[in-house]
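Every number in this text was worked out from the coordinates using simple rules, so none of it is lab data. Small disclaimer: the values here were computed from a predicted structure and weren't measured. Backbone-built Cβ (ideal geometry, glycine too); neighbour counts: all protein chains shown.
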Amino acid sequence: MSDSEKAEVSGVREYLKALEQSTPRRGRKKTPESVAKQLAAVDAQMAEATVTKRLDLIQQRMDLKAEQEALAVASNVDIAALEAGFVKHAASYGGRRGITHGAWREIGISSATLKAAGIRRSS
């Protein structure tokens with residue numbers, strides 16, 4: 001794989017990953033504050049919990065800490081820079097792989113971003 005192909009793959013992959021991580025989920029939006037409150041609630045329950053409940057709480061605490069880390073990473077992502085990289089490389093990447101406008105749309109790329117990348121709907 002040439003350096004230009006590696007740059008294409010990286011530009012497309014990183015933007016898709018950032019979009020996937022920032023896609024709204026069902027339910028309330030998680031914030032660092034809400035996760036911290038949940039962690040505090042788990043810690044408060046720990047002392048009174050049965051051994052099996054404590055095991056569940058330990059797992060819940062581990063999951064919440066992982067979520068905290070993911071939120072911290074997501075807040076540091078420069079989506080505009082990743083989108084610029086995607087726009088630069090998406091047409092050639094998709095052209096070599098036969099990826100259609102519809103496939104890009106289905107994975108979550110906006111029409112405006114595809115238009116900026118030079119990817120049009122085919123007739």
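Length gained on full extension, Ala81 to Asp63: 3.5 nm, using 0.36 nm per residue less the C-alpha separation.
Computing Cα Rg over 2.2 N^0.38 Å directly from the structure and comparing it against (i) 1.04; (ii) 1.48; (iii) 1.23 singles out (ii). Basic side chains Lys and Arg get +1 at the Cβ, acidic Asp and Glu get -1 at the Cβ, and with that the dipole of the stretch 3-117 about its Cα centre reaches some 340 debye.
Evaluated over the chain, the count of Lys pairs having alpha-carbon atoms less than 27 Å apart is 17 (only pairs 8 or more residues apart or interchain). Simple spin-label estimate for Thr100 and Ala49 gives 4.9 nm between the two label positions (7 Å along the Cα-to-Cβ direction from each Cα). Here the spin labels are modelled as points 7 Å beyond Cα on the Cα-Cβ line, and at Val9 and Ala70 they lie 2.5 nm apart. For the stretch 85-98, backbone phi angles converted through the Karplus equation (6.51, -1.76, 1.60; θ = phi - 60°) give residue-by-residue couplings of x, 4, 4, 5, 10, 4, 4, 6, 4, x, x, 5, 9, x Hz, Gly and Pro being listed as x. Per-residue packing, averaged as other Cβ atoms within 10 Å, sorts the ranges 38-51, 91-104 into the order 91-104, 38-51, beginning with the highest.
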